[in-house]
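Engineer: Just passing along the structure, written as structure tokens.
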Amino acid sequence: MTQLSGQEKARYVQDIFTRIAPRYDLMNRLMTGGQDIRWRREVVRRAGLQPGASLLDLGAGTGDLAREALAQQPDARIVAADFTLEMMRAGRKSTDAFGWSSADALSLPFKTESFDAVVSGFLMRNVVDSLQALREQLRVLKPGGRIIILDTTRPQRNLLSPFIWIHLHIIIPTLGTLLSGQRDAYTYLPDSTEAFLSAEELAARMAAAGFREIGFKRLMFGTIAMHWGQK
């Protein structure tokens with residue numbers, strides 16, 4: 001997988017998420033011990049939504065961040081957008097009070113300066129060109145708008161490194177195989193995590209894209225990072 005690039009990688013990622021869509025939420029809960037729910041709450045809090053604010057949940061998957069945004073700010077205008085149709089089908093509910101959109105993170109189908117906030121959960125390591133994806137998010141943000149990114153990150157070496165390796169390379173693929181039958185999809189997760197930017201490198205790339213007031217913090221023994229910035 002790490003050797004793939006361009007459209008070949010995009011097709012590979014889309015195929016993986018098509019196959020794991022039915023078990024995606026359950027696997028997230030199990031892999032993180034349920035902590036991903038708390039992380040999503042913090043992502044939305046950092047967006048600082050005011051009544052009537054507009055938010056784009058990019059790489060929305062099954063819509064967890066979009067629903068959390070409405071729970072925190074019921075008057076917000078939310079769009080959930082994803083690259084994989086089956087992920088949206090798996091998450092879409094008749095009670096959803098927000099819109100869904102098919103979208104490529106490298107060429108968003110939204111007008112410039114459309115949103116007060118753009119949030120994403122576990123999107124950025126999957127895009128073909130992270131700098132272009134960040135530039136697109138900057139483009140659709142209004143001046144003063146905020147970006148919040150939740151994703152895996154390459155863990156720093158420490159005393160826990162052997163246990164982190166076991167979790168990434170043995171426990172997660174085993175769980176994924178048992179619950180979904182898609183072992184290759186859950187070997188993609190550790191591979192893409194270790195091939196992705198470090199937290200510091202992603203912060204630098206956000207700055208290169210034009211964001212300011214950038215910060216980040218590591219979570220879950222350094223395997224997850226939350227980044228934020230402003231236009």
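Engineer: If you fit an axis through the alpha-carbon atoms of helix 35-47 and take the longest principal axis of the Cα set of the chain, what angle between them do you get, 0 to 90°, nearest 10?
Structural biologist: Helix 35-47 sits at roughly 20 degrees to that axis.
Engineer: From the square roots a ≥ b ≥ c of the eigenvalues of the alpha-carbon gyration tensor of segment 3-141, which class results: rounded (a/c under 1.5), prolate (a/b over b/c), or oblate?
Structural biologist: Details: a/c = 1.64, a/b = 1.16, b/c = 1.41.
Here segment 3-141 falls in the oblate category.
Engineer: Here is a further query. Roughly how far apart, in whole Å, are the Cα centres of segment 196-231 and segment 32-93?
Structural biologist: About 19 Å separates the Cα centre of segment 196-231 from the one of segment 32-93.
Engineer: Classify segment 1-78: rounded, prolate or oblate, from the alpha-carbon gyration tensor (a ≥ b ≥ c, eigenvalue square roots; a/c under 1.5 rounded; otherwise prolate if a/b is larger than b/c)? Write out the running numbers ahead of the final one.
Structural biologist: On the way: a/c = 2.57, a/b = 1.70, b/c = 1.51.
Note, shape of segment 1-78 comes out prolate.
Engineer: Placing +1 on the Cβ of each Lys and Arg and -1 on the Cβ of each Asp and Glu in the chain, which of LEU58, THR112, ALA47 has its Cα farthest towards the positive end of the resulting dipole?
Structural biologist: Selected residue: ALA47.
Engineer: Please list, ordered by chain and number, the residues whose modelled amide H lies under 5 Å from the amide H of SER101; skip anything fewer than 5 residues away on the same chain.
Structural biologist: ALA80, ALA81, ASP82
Engineer: Could I ask something else about it? Would you mind classifying segment 49-91 by shape? Square roots of the alpha carbon gyration tensor eigenvalues, ordered a ≥ b ≥ c; an a/c under 1.5 is rounded, otherwise it is prolate if a/b is larger than b/c and oblate if not.
Structural biologist: prolate
Engineer: Test of understanding: what is the full-extension gain from ALA207 to ILE170, defined as 0.36 nm times their sequence separation minus their Cα-Cα distance?
Structural biologist: Net length gain for the segment: 9.8 nm.
Values quoted throughout were computed directly from the atomic coordinates according to the rules given, and no laboratory measurement underlies them. Remember, it's a predicted structure, so these values are computed and weren't measured experimentally. All Cβ positions, even for glycine, are placed from backbone atoms using ideal geometry, and neighbour counts span all protein chains on display.
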